[in-house]
Amino acid sequence: MEISVIWVVGFCVLLVDHGVQASHQSSRNLQETDQPYRTGYHFQPPKNWMNDPNGPMYYKGVYHLFYQYNPDGAVWGNIIWAHSVSYDLVNWVHIDHAIYPTQPSDINGCWSGSTTILPGEKPAILYTGIDTKNHQVQNLAVPKNLSDPLLKEWKKSPYNPLMTPIDGIDPDLYRDPTTAWQGPDKIWRVIVGSQINGHGRAILYRSKDFVNWTRIDSPLHSSGKTEMWECPDFFPVSTSSTNGVDTSSQDKSTKHVLKASFNHHDYYILGSYMPENDKFSVETNFMDSGVDLRYDYGKFYASKTFFDGAMNRRILWGWINESDSESDDIKKGWSGLQSIPRTVLLSKNGKQIVQWPVKEIEKLRSKNVSFHDKKLKSGSVLEVPGITASQADVDVSFELLNLEDAEILDPSWTDPQLLCSQKKASVRGKLGPFGLLAFATKDLKEQTAIYFRIFRSNHKYIVLMCSDQSRSSVREELDKTTYGAFVDMDPRHEIITLRSLIDHSIVESFGGEGRACITTRAYAKLAIHKQAYLFAFNNGTSSVKISRLNAWSMKNAQIVSTTKRRKPHL
C-alpha cells in the first residue's frame with residue numbers, strides 16, 4: 001500500500017474521532033477530462049477563488065494552512081478564512097472554514113493575517129476585518145478547544161477590533177498583521193502593512209497581553225520609493241546554521257528579513273534588528289539602485305512564512321494567481337494555487353535568502369529517468385522520455401565547456417526581465433540560451449522555456465535565468481509575460497543547476513540551488529496530458545554539457561474534502 005493511501009486512511013480516522021467525516025473524492029477527478037490545467041500536487045481547494053496564504057503553523061503534530069477564500073465563486077469576493085490540515089505538507093484535508101464575517105469589525109470580509117503561538121501552546125490569529133464602515137481594522141481569534149489538534153472551531157475576541165486606523169492612517173490602506181514576536185522584555189510586537197503620505201510603512205504595535213495594543217510613534221521601517229505594503233513579514237534567519245529560527249528568538253547570530261508585497265511581487269530586505277529599542281537597520285533598502293531582492297521573479301505574491309519547530313526550519317508559502325481571464329476561471333470553476341512550500345535560509349555569503357522545495361514533496365516521485373555527461377551541441381533538443389511530462393520534478397546540472405565564449409554584457413542591461421524579454425529562447429546567443437522546454441508539443445509549436453544565458457562584464461561572469469512563456473500556448477488571450485533574474489553565482493567555480501516542478505499549468509523553477517526562483521503559469525492547448533513533452537535544449541552557438549539530469553513522474557497528492565456532521569457554530 002502506498003504511503004499516501006496510508007496517510008489518508010490514518011488522517012480520516014483522526015477526523016472521524018474529532019467529529020468530521022472525510023470525503024475521498026479527489027479534487028482532481030475531472031483533471032483528465034475537461035480540467036487540463038488543474039494541478040496534481042499543488043495545494044488548491046476543490047473549487048472557487050483562493051488567494052493569500054494565511055496563518056500557516058505547526059501545532060501538536062499537525063500542519064495548518066488557512067487561506068483567503070470565496071465560498072461562492074471563482075472570482076474575488078465574500079472573503080473568509082478557509083482551513084486545511086496535513087501531517088506532511090503534501091497531502092491535505094479541507095476542514096470547516098475557520099473565520100467568516102459575524103462581528104461588526106469583520107462583517108464585510110475577513111482578510112489576511114497571521115498566527116502566533118502564545119505561551120502554553122495557545123495559537124492566536126490576528127487578522128484584518130472589514131467593518132461596517134468598510135474600514136480595515138485588526139481583530140483577534142483563538143481556538144475554542146485547545147485539545148483539538150485540528151483546531152476546527154475558532155472564537156473571536158469580544159474586544160475586537162484591537163487596532164484601528166487613527167492618527168493619520170488611511171482606513172483603506174491598513175492591513176495584514178504579521179506573526180507577533182516577543183522581545184526580551186516579554187512584550188509582544190506586531191507590524192501592520194500601510195501607506196502613509198505615499199510611503200509604504202510597517203506600523204509597529206506593542207502589547208503585554210496580546211489584547212491591548214499601543215502604536216509606536218516610529219514605524220519598524222518605511223520607504224519613500226514604494227506605495228502600500230501588503231502582507232508584510234518579519235523574521236530572523238541564522239547566520240551560522242542551516243536551521244530555521246523561531247520568530248521570537250533572541251539569538252545574536254541572526255539577520256532579520258523584512259518582506260513586503262507591492263508592484264505584484266514580494267520584495268525583501270535584510271538587516272539587523274535591536275529588540276531593546278525596536279530599531280531595524282537595513283543593509284539595502286527597497287528599490288535601491290542595482291538591488292532587486294525578491295522571493296520569486298515570476299508569479300508569487302502575498303507570501304507568508306512560519307517556523308516549523310518539529311523540523312527546525314522556516315517554511316514559505318506563496319499565492320500563485322492565474323494568467324488566463326476571469327471568464328476562463330468561471331468556466332473552470334476555480335482560480336488560484338499555492339506554491340509548493342519552500343524552506344528559507346540565508347545564503348552562504350549572507351547577501352540574500354535561498355529557497356528550496358520541502359523534502360516531503362519527494363515522496364511523490366515515481367518513475368525516474370536520468371542522464372549523465374550528455375553534450376548539447378548548438379541547436380540541440382534532447383527529449384527526456386519515459387516520464388509524465390505534464391506532472392514532473394526535474395533536476396539538471398549544466399557544465400560550461402567554453403566559458404570564454406560568453407557575450408559581453410552591455411552596461412545598460414540592468415533589468416533582467418527586460419533582457420529576457422528581448423532575448424527569448426528563440427534568440428540565439430553564444431553561451432545560451434540553454435535549459436528546459438516544459439509543456440512542449442513534439443514539434444515544439446508550444447513550449448515553456450526555462451533557461452540560462454552567460455555574459456561577461458569587467459572580468460566577471462553574469463548568469464541570467466529566464467522563463468519565456470511567449471510560445472506556451474497557441475491560445476492568444478493569455479498573459480504570456482517573460483520573467484528574468486540574475487543569479488548570484490560564479491560559473492567559473494560552480495555548476496549551473498536548475499530544478500523545475502512541473503504541474504499541468506504551473507512551473508516552479510529554482511536556479512543556482514535556490515538563489516533565484518521563477519514561477520510561471522502556462523495554459524497549453526495542445527501540450528496537455530499525454531501530449532505534453534519535456535526537452536533539454538541548447539540554442540547557443542557554444543556547446544554545453546548536461547553533467548547530470550534526473551527527472552521523475554510525480555504522483556498526485558491526496559487532497560480531500562470533508563463533510564460536516566453539524567452546522568458550524570456562528
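The values are calculated or read from the model by the stated rules, or taken from the named source; none is laboratory data. Remember, predicted model here, so these are calculated numbers, not experimental data. Positions of Cβ are backbone-derived with ideal geometry, glycine not excepted, and every protein chain shown enters the neighbour counts. For the accessible areas, the whole protein counts, side chains as well, though only heavy atoms, and no ligand, DNA or RNA atoms are used. Shrake-Rupley method; radii C 1.70, N 1.55, O 1.52, S 1.80 Å.
Structure notes:
- Computed over the stretch 361-554: relative contact order in percent, which uses C-alpha pairs under 8 Å that are six or more apart: 41 percent
- For residue 473, residues with placed amide H under 5 Å, excluding near neighbours: 447
- Within the accessible area of the stretch 197-274, the carbon and sulfur atoms contribute 41%, probe 1.4 Å, all protein chains present.
- A viscosity of 1.567 mPa s and a temperature of 4 °C, combined with the Kirkwood radius over Cα pairs in Stokes-Einstein, give a translational diffusion coefficient for the stretch 145-217 of 93 µm²/s.
- Computed from the alpha carbon atoms alone, the convex hull of the stretch 104-149 holds 75 Å³ per residue.
- Value of relative contact order over the stretch 106-193, rounded to a whole percent, pairs C-alpha under 8 Å and six or more apart: 27 percent
- In this Cβ point-charge picture (+1 for Lys and Arg, -1 for Asp and Glu), the stretch 452-560 has a dipole of about 300 debye about its Cα centre.
- Extending 7 Å from Cα along the Cβ direction at residue 476 and again at residue 253 yields two label points whose distance is 6.0 nm.
- Taking every alpha-carbon pair under 8 Å whose residues sit at least 6 apart, the stretch 485-570 reaches a relative contact order of 17 percent.
- Mean Cβ neighbour count within 10 Å, used as a protection proxy, ranking 380-386, 478-484 highest first: 478-484, 380-386
- Heavy-atom surface analysis with a 1.4 Å probe gives the stretch 63-146 a carbon and sulfur content of 54 percent of its accessible area.
- For the chain, the longest principal axis of the alpha carbon atoms and the long axis of helix 3-17 meet at an angle near 10°.
- With every protein chain in place and a 1.4 angstrom probe, the accessible-area ranking of 525, 530, largest first, reads 530, 525.
- Projection of the Cα convex hull of the chain, averaged over all directions and equal to a quarter of that hull's surface, yields 24.9 nm².
- Virtual spin-label span in nm between residue 531 and residue 241, 7 Å along Cα→Cβ: 5.3 nm
- Reciprocal mean inverse distance between Cα atoms of the stretch 361-554 - Kirkwood radius, Å: 16.4 Å
- Sorting the segments 536-547, 445-456 by their mean number of nearby beta carbons within 10 angstrom, highest to lowest, gives 445-456, 536-547.
- On the stretch 361-554, 47 percent of the accessible area sits on carbon and sulfur atoms, based on a 1.4 Å probe.
- The alpha carbon convex hull volume per residue for the stretch 488-533 rounds to 79 Å³.
- Based on protein heavy atoms only, the chain ends up with 39 Å² per residue of surface accessible to a 1.4 Å probe.
- Built amide H within the under 5 Å cut-off of residue 153, gap 5+: 144, 145
- Annotation: peptides 462-471, 387-396, 492-501, 304-313, ranked by per-residue average of other Cβ atoms within 10 Å with the highest first, follow the order 462-471, 387-396, 304-313, 492-501.
- Sparse-neighbour loop sites [chymotrypsin sites (Phe, Trp or Tyr not before Pro); the stretch 131-231; at most 11 other C-beta within 10 Å; DSSP]: 159
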